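The values are calculated or read from the model by the stated rules, or taken from the named source; none is laboratory data. All of these numbers come straight from a predicted model, not from anything done at the bench. Reconstructed Cβ throughout: ideal geometry from the backbone, glycine too, with neighbour counts over all protein chains shown. SASA here: full protein model, heavy atoms, side chains in, ligands and nucleic acids out. Shrake-Rupley method; radii C 1.70, N 1.55, O 1.52, S 1.80 Å.
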Amino acid sequence: MQPNPDDRSDCGAASGAGARANRAGAQRLDDLFREYSGKIYGLALRLGLDRQEAEDGVQEVFLKVQRRIGTFRGEAALSTWLYRVAINTLRDHRRKTVRQTRPVSFSLLASGRPDDGDGSASPSGPDFEDERRDAQSAEMAEVHERSILVRAAMNQLSPKFREALVLRELEGMTYRDIARVLDVAQGTVESRIHRGRVKLAQILKSIQEAL
Amino acid sequence: MNDPCKKWLPRLMAWFDDEASELDAKEVRAHLLDCAPCRAAVQSWRELRLDLSLLQPDEPTEEVLERMAWRFEEGLADEIHSTSTALRWWGRLAAALMIGLGGLLIAERTVMPLAGTVEASTPREIEEAVQEILQRPVELMPLAPERPVPSGR
């Protein structure tokens, strides 16, 4: 094995070890970012942030991870710890930025016109292709309308119910993992999921009745 | 939303969320055959699950991932810069404190402290004691003996 030029003295060895530790820490953070940034971005969107806010949220989460990685003691899986940091950070981020200036608009739903994004009218015509396209377009519009409605209902849920439902229904986590991420008892998770479902159904119903 | 039987609710939920044991799952399925309210509750949960699946976002594009990585590196660089700036200021403050303390130490060693204590309890006694202390001569530490200057150079 070739001697390392940094190891020529005790001091050199110490600084070499420090530099190697720093490089290892940076590499670890880099690996974590590559593996989880997309997942945390998805989590942010599922929790109701828009794309720009989700990108900001991911940056905040990983800067916090960089500051706190030394406090990770290995009692839970690294992913669980990271999700816990993410949920807390995104909750604060959402509280600070979202919904302050963005009221939910139901005008699109009430008008029955899909928000297709490009403003173009649906094609119409006598031939089969046009009919098929119309049917597809109508179905997509219906799905889109429903997703707006569900998003609006989720936004009206309190964070504790929304987070429990998102982690269970959209992240597919077990009750035990959700309890670890939210730092509450498993019974509390079960109760929040159940009450969240009941409340979400009630909100959906009231929005539909208001339209 | 329909209410399921209260005593079956935890087991029903566990079964619905794939958390029930094999045995529990079997019992729940048997109960569902006989219980219309529980069947209706499960049906409403299924509809809600379908609704929530509409919120499942697409995977982030390469462009989004790259932009986030770039922004994270920028954020890290800013953080390191602000930390080192803060450290520099703390270093300067510590140096100033050290100089100040050193100065105090030298002053304390140069000027002899006022010797002795006085006892005074009434305002008049205190006044007299203060006057007495102020009239004491200030004693300076003897300076180091001067070295003779070599001559003849």
Item to complete: Could you calculate the FRET efficiency of A:ASN155 with A:LEU63 from 1/(1 + (r/R0)^6), where r is the beta carbon distance between them and R0 is 22 Å, rounded to 0.05?
Response: 0.25
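Taking a ≥ b ≥ c as the square roots of the eigenvalues of the Cα gyration tensor of the stretch B:61-109, is the shape rounded (a/c under 1.5), prolate (a/b larger than b/c) or oblate?
Prolate shape, in that a/c is at least 1.5 and a/b is the bigger ratio.
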Worksheet entry | Accessible heavy-atom area order of A:ARG91, A:ARG195, highest first, probe of 1.4 Å | A:ARG195, A:ARG91
Worksheet item: How high is the FRET efficiency from B:LEU23 to B:GLN135, r the C-beta distance, R0 56 Å, rounded to 0.05?
Response: 0.05
Worksheet, complete the sentence: Output field shielding_mean for B:44-54 (other chain Cβ, 10 Å radius) holds 6
Worksheet item: What number in nm² do you get for the stretch B:6-53 if you take the convex hull of its Cα atoms and divide its surface by four?
Response: 3.3
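Shielding by partners for B:80-92, please: the mean number of other protein chain Cβ atoms within 10 Å of each residue's Cβ.
0
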Practice prompt. For the stretch A:60-98 and the stretch A:145-159, compute the distance between their C-alpha centroids and round to whole Å.
Written response: 25
Fill in: 5 angstrom amide H check on B:ALA20, placed H, neighbours 5+ away
B:TRP15
Worksheet item: Can you give the mean number of other chain Cβ atoms that lie within 10 Å of the Cβ atoms in peptide B:60-72?
Response: 5
Practice prompt. Estimate for me the total accessible surface buried between chains A and B (protein heavy atoms, probe 1.4 Å, no ligands or nucleic acids), in Å² to the nearest 100.
Written response: 3200
Worksheet entry | Two-site FRET efficiency, A:THR97 against B:ALA94, from Cβ-Cβ distance with R₀ of 41 Å, rounded to 0.05 | 0.60
